[in-house]
Amino acid sequence: MYEYIKGKIEFISPEYIVVENGDIGYQIKTPNPFSFSSYTGAMTTIYIYHYVREDNVSLYGFKSREERELFTKLLNVSGIGPKGALAILASGEPSQVIAAIENEDEGFLVKFPGVGKKTARQMILDLKGKLADFMPEYLPNIFNVDEHLEKVQNDSALDEALLALTALGYSERELKKITPQLKKEVLNTDEYIKLALKLLLK
């Protein structure tokens, strides 16, 4: 089992980042790859979850052990796989997810890709009362990104954000509804993703 990989972020795509360590490039799937944009070329520590199934061996990466632990707890819910867990964490608001579970708010939970009423109910049954460790002050800041990200060309940033959202499982129909609102803003890719997720989860 890997605890973490420390290396340089050499590449970022809508679905994963590539971290180079010892002349080996590790492909690591993360909730929001573009949240690592400010770290490109810099030494970074990524906390790893090594997912092994007969047809799938993948590395999932997170900025903190707490974020990884929350991912692991979501994976333990019947009906939620790695892709679904990443989509939930990509919202950048784990405190809202935890509050929805604790308050049995199925209406909020079903807004995530791949989460229907049955899965939302299962999340509540499996996790309610078991997430107290994730409520400290650090939680809303787990997904914070350096505020000094370089601005990239607006259209390109929006396209990258839409690709990342598609990779998380959001449908073209859902994205078309919010695209006009996104086009009103001049943001970088990570900011577009965060804004889009806020709109999608309303």
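The values are calculated or read from the model by the stated rules, or taken from the named source; none is laboratory data. Computed from a prediction, not measured in an experiment: that's the story for all the values here. Every residue, glycine as well, gets a Cβ built from its backbone with ideal geometry; the counts of neighbours run over all protein chains shown.
Taken over region 55-101, the criterion of being charged (D, E, K, R), in a loop (DSSP other than H, G, I, E, B), farther than 24 Å from Glu20 by Cβ and touching a residue at least 24 places away in the same chain (Cβ under 8 Å) is satisfied by Glu93 alone. Any residue at all in region 57-71 that's assigned by TED's automatic domain parsing to the domain that holds Pro14, more than 21 Å from Phe34 (Cβ to Cβ), more than 17 Å from the chain's Cα centre (by Cα) and modelled with pLDDT of 85 or more? Yes: one or more hits. Please go through region 114-137 and pick out each residue that is modelled with pLDDT under 90 and either under 19 Å from the mean Cα position of the chain (by Cα) or within 22 Å of Lys194 (Cα to Cα) (or both). If the condition is that a residue be modelled with pLDDT under 90 and either under 19 Å from the mean Cα position of the chain (by Cα) or within 22 Å of Lys194 (Cα to Cα) (or both), then Gly114, Leu131, Phe134, Met135, Pro136, Glu137 are the ones that fit.
For region 57-71, the tally of residues that are more than 13 Å from Ile28 (Cα to Cα) and surrounded by fewer than 19 Cβ atoms within 10 Å (Cβ to Cβ) stands at 4. Scanning region 72-131 for residues that are out of contact with any Gly (no Cβ under 9 Å at 6 or more places or on another chain), surrounded by fewer than 18 Cβ atoms within 10 Å (Cβ to Cβ) and among the small types (Gly, Ala, Ser) gives Ser78, Ser95, Ala99, Gly107, Gly129.
Search region 167-197 for residues being touching a Leu at 6+ places or on another chain (Cβ under 7 Å) and of a type in the set (Val, Ile, Thr), and hand back the single one that is nearest to Gly81 (Cα to Cα). Ranking the qualifying residues of region 167-197, first place goes to Ile193.
The conditions of being among the polar types (S, T, N, Q), within 13 Å of Leu74 (Cα to Cα) and not in a loop (DSSP other than H, G, I, E, B) are met by Gln122. Counting the residues of region 40-56 that are of a type outside the set (Ser, Thr, Tyr) and at pLDDT 90 or above gives 5. For region 13-33, a tally of residues being out of contact with any helix residue (DSSP H, G or I) (no Cβ under 6 Å at 6 or more places or on another chain), surrounded by 19 or more Cβ atoms within 10 Å (Cβ to Cβ) and not in a strand (DSSP E or B) returns 2.
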